[in-house]
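Some notes on the structure that comes next.
Derivation of every value follows stated rules applied to the coordinates shown; laboratory data play no part. Computed from a prediction, not measured in an experiment: that's the story for all the values here. Because the Cβ atoms are built from the backbone with ideal geometry, glycine has one as well, and the counts that use them run over all protein chains shown.
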Amino acid sequence: MSHIRLGIIAMLFSLLLVAQAWAAPAPVVRLVIKNQSFEPQTLTLPAGEQIEIMVKNADTFPAEFESADLNREKVIPGGTTLPLYVGPLRPGSYQFFNDFHPSSTGTIVVVPPKQ
Amino acid sequence: MLATGIIMFREVLEAALIVSIVMAAAKGVAGRGRWVGYGIALGIVGACLVAAFAGVIAQAVQGRGQELLNAAVLLLAVAMLGWHNVWMSHHGKALAQQMKAIGHDVAVGDKPLSVLMVVVTMAVLREGSEVVLFGYGIYASGAHAISMLTGAVGGLVLGVASGVLLYKGLLRIPTRHLFAVTGWMILLLAAGLAADAAGLLTQAGVLPAIREGIWNTSWLLNEQSLLGRLLHILVGYSQRPSAMQLIFYVAALAIIGGLMWAINRPRPARVAAEEANG
């Protein structure tokens, strides 16, 4: 009985830790879609933490940020700026593209955090 | 033109496959064509509304409106698919026998059919709104409108044709096995949609990923390939799922599968006899 209770406490505690890690404000990076291409074409992000990518569509028509590597997909209507969250990611290179204009591509490079 | 056709095909494919599985799962039920038709019509109207208000929806809830709406649509579809499967595990056998005995479609009442209508509506609404936005984008960018339009119509026709092909294939399965097959397909479809919803909620920062990319099978089967896309739609294949997505997938399988099993389980003879007498 007592280790069931201990187990429940440990579970709640770990849930709390997960919630804490997730509630911490994520660093923000910016990405712009202009004339149907991404600026910058390469984003460098730190590994191991959640990042908020603010995607601004400076064109007048909709675009769709999509990445199979990151498992992300978001329509960005013309003239809007929308957030999307990625990570925590492992170091490496992740491709993304505009699903409504697939020749527009970009890369996210994830580097180990500085010690 | 080709690029436009491919994009259109991809968007239409998911809705078309879901509609055809639902149609096959309701084989022999009187009025299913009408209800599925209502679902498609409502879905198209909903898709146009979502596309028209895309900016407002996207900027709602601090820029998370799109994910929250899509996740709600997906989870509603999961619940309806689950309800259908549980209902079928209770009534399926009797339905198949009745169909065989009377040799024509069986009336089951509106409830199971309205559930399928909701599934169809949600599938068409979600994919349809992207089709409308994409089409608007082509129109607004003003690039080679006629060639793009030809591509888009071609992609649409090909997507619908794939759905029809799957439907025809499913109908070749003898009725006594068909409901078992569609039951499994719907179970896996629902689990995949649940995992998609988890991905969207993580993207919106509402749920933690716990861990991104618990495996990476892009070397084996790329999700952007045709087979990868098909398996993503049908069984929820993801080349790089997060732990949260896996949890949603397994939970949907366990909950729906568990309810199906609990309802379908042969009951003790005494209880059945008491029910028959009472």
Residue-by-residue Karplus 3J(HN,Hα) for the stretch A:58-64, coefficients 6.51, -1.76, 1.60, Hz, glycine and proline x: 7, 7, 8, 10, x, 10, 10
Of A:LYS34/A:LYS74; A:LYS74/B:LYS111; B:LYS27/B:LYS111; B:LYS27/B:LYS93, those spanning more than 23 Å from alpha-carbon to alpha-carbon: A:LYS74/B:LYS111
In Hz, Karplus ³J(HN,Hα) per residue of the stretch A:78-95 (6.51, -1.76, 1.60; θ = phi - 60°; x = Gly, Pro): x, x, 10, 10, 10, x, 8, 9, 10, x, x, 10, 8, x, x, 10, 10, 8
Cα shape, the protein assembly as shown, gyration tensor, a/c 1.5 rule: oblate
Charge dipole (the protein assembly as shown, unit charges on Cβ, about Cα centre) - positive-most of B:LEU125, B:ILE21, A:PRO62: B:ILE21
Inter-centroid distance (Cα atoms) of the stretch B:1-32 relative to the stretch B:76-97, Å: 20 Å
Reduced Cα scattering model of the stretch B:1-124, Debye log10 I(q)/I(0), q = 0.13, 0.14, 0.17 Å⁻¹: -0.62, -0.70, -0.92
Bridge type composition, the stretch A:26-111 - antiparallel percent by DSSP, nearest 5: 70 percent
FRET E, pair B:HIS144, B:CYS48, Förster distance 25 Å, beta-carbon r, rounded to 0.05: 0.55
J(HN,Hα) series, the stretch B:63-79, from Karplus relation 6.51 cos²θ - 1.76 cosθ + 1.60, nearest Hz, glycine and proline x: x, 10, x, 4, 5, 5, 5, 5, 5, 5, 4, 5, 5, 5, 4, 4, 4
Whole-number D in µm² s⁻¹ for the stretch B:150-246, Kirkwood Cα-pair radius fed into Stokes-Einstein, 37 °C, 0.692 mPa s: 214 µm²/s
With eigenvalues of the C-alpha gyration tensor scaled by 5 and rooted, the stretch A:26-111, Å: 21, 13, 10
Calculated [θ] (222 nm, deg cm²/dmol) that DSSP helices of n ≥ 4 give over the protein assembly as shown, each run adding -39,500 (n - 2.57): -21500 deg cm²/dmol
Förster-model FRET efficiency, 25 Å R0, B:LEU171 and B:ILE263, C-beta, rounded to 0.05: 0.45
Charge dipole (the protein assembly as shown, unit charges on Cβ, about Cα centre) - positive-most of A:PRO83, B:ILE6, B:GLY142: B:ILE6
Sorted by Cβ neighbour density within 10 Å, fewest at the top, the residues B:ASP110, B:ASP105, A:ASP99: B:ASP110, B:ASP105, A:ASP99
